[in-house]
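Structure, as structure tokens:
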Amino acid sequence: QAYLSSASSPRPPWNQAGNLFNYLPPPNCLPAIAALHGQVMQQVSHLAHEHGAWGLTHLDLHFANFFADLAHNRVMLFDFDDCACGWFVMDLAMLFFDWSVLAPPGQREAELLRLSKPLLAGYRSQQTLSSFWMEQIPLFARLLELNLYLDLAPGYAPSQANGWVDKFLYQRQERILDQIPVIPASCLVG
């Protein structure tokens, strides 16, 4: 039973809306990647829609979708077209995921640690975040990784370079198949 469902919200549940967390593998994708996607979706399907963990989420909260006003200690979010009901940690997973792609090679874990302390402290100052939900951030980051890979890899042409996409796709298939965590749990301290 969902705490906040589409019946009580103008937005549908995350898995019934267009967003980066909701993507079905195409029929021609590598079977091993489709199987990993199925495993992640199975794990996500068992998560409870509990009060304090589930509600209206942005679902596209990456570093190009907010401004930080440091002079006034404010953050202004925008681009709400993917909003849906979901788990609040999905937004945290998106931020950590984006940061992991943007981090310089060889510095990913150090950069994730650097981001996690202030981000999680700020988050916890406004919203409770249990250790159980902290542990789900890598799961949602894995779902993002798989969905973006399935969406971007088939049409990728290095001749049409895009900085973020190039960084994301670099050795991504190998990382996915070797099941290297996108966000290692050890990087989530706050």
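So how strong a dipole does the range 122-189 carry about its Cα centre when Lys and Arg Cβ are +1 and Asp and Glu Cβ are -1, to the nearest 20 debye? Could the numbers behind the result be given before it?
Working: 5 positive and 6 negative charges, 33 e Å.
It works out to roughly 160 debye.
Any idea how far apart Glu109 and Leu152 come out in nm if each label point goes 7 Å out from Cα toward Cβ?
2.3 nm
Could you pull out the chymotrypsin sites (Phe, Trp or Tyr not before Pro) across the range 145-190 that fall in loop regions by DSSP (anything but H, G, I, E, B) with no more than 12 other Cβ atoms inside 10 Å? Spell out each step's value before the answer.
Numbers: sites: Tyr149, Tyr156, Trp164, Phe168, Tyr170; in loops: Tyr156, Tyr170.
The qualifying sites are Tyr170.
So if I place +1 on the C-beta of Lys and Arg and -1 on the C-beta of Asp and Glu, and nothing else carries charge, what would the dipole magnitude of the range 34-190 be about its Cα centre? I want it in debye, nearest 20.
380 debye
On full extension of the chain, what length is gained from Lys117 through Ala64, given 0.36 nm per residue of separation minus the C-alpha to C-alpha distance? It would help to have the intermediate numbers written out before the result.
On the way: separation 53, 0.36 × 53 = 19.08 nm, distance 2.06 nm.
Between Lys117 and Ala64, full extension yields an extra 17.0 nm.
Pairs of Cα atoms under 8 Å, at least six residues apart: use those to get the relative contact order of the chain, whole percent. Spell out each step's value before the answer.
On the way: 232 pairs, mean separation 50.3, N = 190.
It comes to 26 percent, rounded to a whole number.
Taking one equal scatterer on every alpha-carbon of the range 60-100, how large is log10 of I(q)/I(0) by Debye at q = 0.22, 0.27, 0.31 1/Å?
-0.78, -1.02, -1.11
Using the Cα atoms as the points, what is the convex hull volume per residue of the range 41-136 in Å³?
On the way: hull volume 12.1 nm³, N = 96.
Normalising the Cα hull of the range 41-136 by residue number yields 126 Å³.
What do the square roots of 5 times the Cα gyration tensor eigenvalues come to for the range 17-56, in whole Å, largest first, as semi-axes of the equivalent ellipsoid?
25, 13, 5
Quick one: compute the contact order of the range 67-137, relative version, from alpha carbon pairs under 8 angstrom and 6+ residues apart, as a percent. Write out the running numbers ahead of the final one.
On the way: 26 pairs, mean separation 19.8, N = 71.
Once normalised by length, the contact order is 28 percent.
Taking all protein chains in place and a 1.4 Å probe, what share, in percent, of the accessible surface of the range 112-178 do carbon and sulfur account for? All intermediate terms of the calculation are to be shown ahead of the outcome.
On the way: 1910 of 3600 Å².
Of all accessible area on the range 112-178, carbon and sulfur atoms account for 53 percent.
Simple spin-label model, 7 Å along Cα-to-Cβ: Asp81 to Thr128 in nm?
3.7 nm
How far apart, in nanometres, would the label points at Ala71 and Ala185 be if each is projected 7 angstrom from Cα along the Cα-to-Cβ direction?
Simple spin-label model gives 4.4 nm for this pair.
Remind me, relative contact order of the range 1-104 in percent, using alpha carbon pairs under 8 angstrom and six or more residues apart? Walk me through the intermediate numbers first.
Working: 121 pairs, mean separation 35.2, N = 104.
Once normalised by length, the contact order is 34 percent.
Return one whole number: the accessible area per residue of the chain in Å², for a 1.4 Å probe.
Values: 10270 Å² over 190 residues.
Per-residue value: 54 Å².
At q = 0.10, 0.11, 0.19, 0.21 Å⁻¹, work out log10 I(q)/I(0) for the range 62-190 with the Debye formula, treating every Cα as an identical point scatterer and leaving solvent out; two decimals please.
Debye curve over Cα of the range 62-190, log10 I(q)/I(0) at q = 0.10, 0.11, 0.19, 0.21 Å⁻¹: -0.34, -0.41, -1.23, -1.44.
The values are calculated or read from the model by the stated rules, or taken from the named source; none is laboratory data. Everything numeric in this text was worked out from a predicted model, so none of it was measured. Cβ sites come from the backbone with ideal geometry, for glycine too, and all protein chains shown count toward neighbours. To get the accessible areas, we keep the full protein, side chains included, count just its heavy atoms, and leave off ligands, DNA and RNA. Shrake-Rupley method; radii C 1.70, N 1.55, O 1.52, S 1.80 Å.
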